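Visitor: What follows is a structure written as structure tokens; I'll ask about it next.
The values are calculated or read from the model by the stated rules, or taken from the named source; none is laboratory data. As the structure is a computational prediction, the values presented were derived from the model and not from experiment. Using ideal geometry, Cβ is built from the backbone for each residue, glycine included, and neighbour counts are taken over all protein chains shown.
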């Protein structure tokens, strides 16, 4: 079996935050490009915002992936969850940052992302 | 007359082709082992030719052993990619310092401009994984010899013999291309005691085949 098949290629990062901004970063490493393959997010908030935005930017803050998640609201809180799956290759040596935006008052956010190096 | 000269790259001891890089994410603390690449070069000291002589370099054979150094004391998971190891003749670079203690100081140098004098010594996409040994704190683990490591070899035969000039020593190099291997802490975010993980190259040597014109 080739050595490259000995290890799983993808690195998964996960984070959770209450009443604070949340982002995940695959670090900038010279000679390495990250290929982003999966993003999963969920948000429970006390406001009535109906659209949650998630973006995955390179080191120069250029958005390569942006998607919105509709939030289901009730009288006192809203919940939203969404995911993205694909294959986007970021520039050589660039960090990749995945962040959630568009929420004025956060209660709980969870974010999970997977990328592999090439 | 055809002659050969065999030169070791370094003593028969393990040399890590990695250095370390750590980062934190929003979740558990992750430790990542990473190298931008490593280069080891060594000149062949031929002792000639003189200005009256015409010597020709015919070929270069490179042999080495690889081993995979793992940290078995921590509950860790590994992911990522290993870079290929390239070897060959460098006609446009001086010899570089090769080691300090058990680590290379030299990060990767650019590959020689004449890539026809290079070949792949180990390709992780094709070749098997080297045998594993347990890492330990401090200096590299001594190398007891085969079969505790994976033997790799390559030969570079230029289409036409290369002229050797007085005072100019051919330089043979080994280049490990960028690699990234994660050691992911899975113990509730507590960073384990990280020792060493990565690819060691041991017992590396090259044999220069040349013609001294006699």
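Okay, residues lined up against (1) in a loop (DSSP other than H, G, I, E, B); (2) at pLDDT 80 or above; (3) within 25 Å of residue B:34 (Cα to Cα):
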{"position": "B:160", "(1), (2), (3)": "yes, yes, no"}
{"position": "B:167", "(1), (2), (3)": "yes, yes, no"}
{"position": "B:172", "(1), (2), (3)": "no, yes, yes"}
{"position": "B:181", "(1), (2), (3)": "no, no, yes"}
{"position": "B:191", "(1), (2), (3)": "yes, no, yes"}
{"position": "B:194", "(1), (2), (3)": "yes, no, yes"}
{"position": "B:203", "(1), (2), (3)": "no, yes, yes"}
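To keep it simple, each residue is scored yes or no on (1) assigned to a strand (DSSP E or B); (2) out of contact with any strand residue (DSSP E or B) (no Cβ under 9 Å at 6 or more places or on another chain); (3) at pLDDT 75 or above.
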position	(1), (2), (3)
B:3	yes, no, yes
B:20	yes, no, no
B:42	yes, no, yes
B:62	yes, no, yes
B:72	no, no, no
B:86	yes, no, yes
B:95	no, no, no
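Visitor: Name the residue that is farthest from residue B:82 (Cα to Cα), counting only residues in segment B:120-135 that are more than 7 Å from chain A (Cβ to nearest Cβ) and surrounded by fewer than 16 Cβ atoms within 10 Å (Cβ to Cβ).
Guide: B:134
Visitor: Shifting gears a bit: On the given criteria, is residue B:57 surrounded by 14 or more Cβ atoms within 10 Å (Cβ to Cβ), at pLDDT 65 or above and part of a strand (DSSP E or B)?
Guide: Yes; evaluated as a whole, the condition is true for this residue.
Visitor: What number of residues within segment A:1-17 satisfy the criterion of being free of Cβ contacts under 8 Å to residues at least 40 places away in the same chain and surrounded by 17 or more Cβ atoms within 10 Å (Cβ to Cβ)?
Guide: Looking only at that region, the number is 3.
Visitor: Determine, yes or no, whether residue A:57 is more than 7 Å from chain B (Cβ to nearest Cβ) and crowded, with 19+ Cβ neighbours inside 10 Å.
Guide: Judged against the criteria, residue A:57 is a match.
Visitor: For segment A:1-27, enumerate the residues that are more than 7 Å from chain B (Cβ to nearest Cβ), closer than 19 Å to residue A:112 by Cα and not in a strand (DSSP E or B).
Guide: Within segment A:1-27, A:18, A:19, A:20, A:21 qualify.
Visitor: Taking the criterion of being in contact with a strand residue (DSSP E or B) (Cβ under 6 Å, 6 or more places away or on another chain), at the interface with chain B (Cβ under 7 Å from one of its Cβ atoms), in a strand (DSSP E or B) and modelled with pLDDT of 85 or more, would at least one residue in segment A:28-37 satisfy it?
Guide: No, that holds for no residue.
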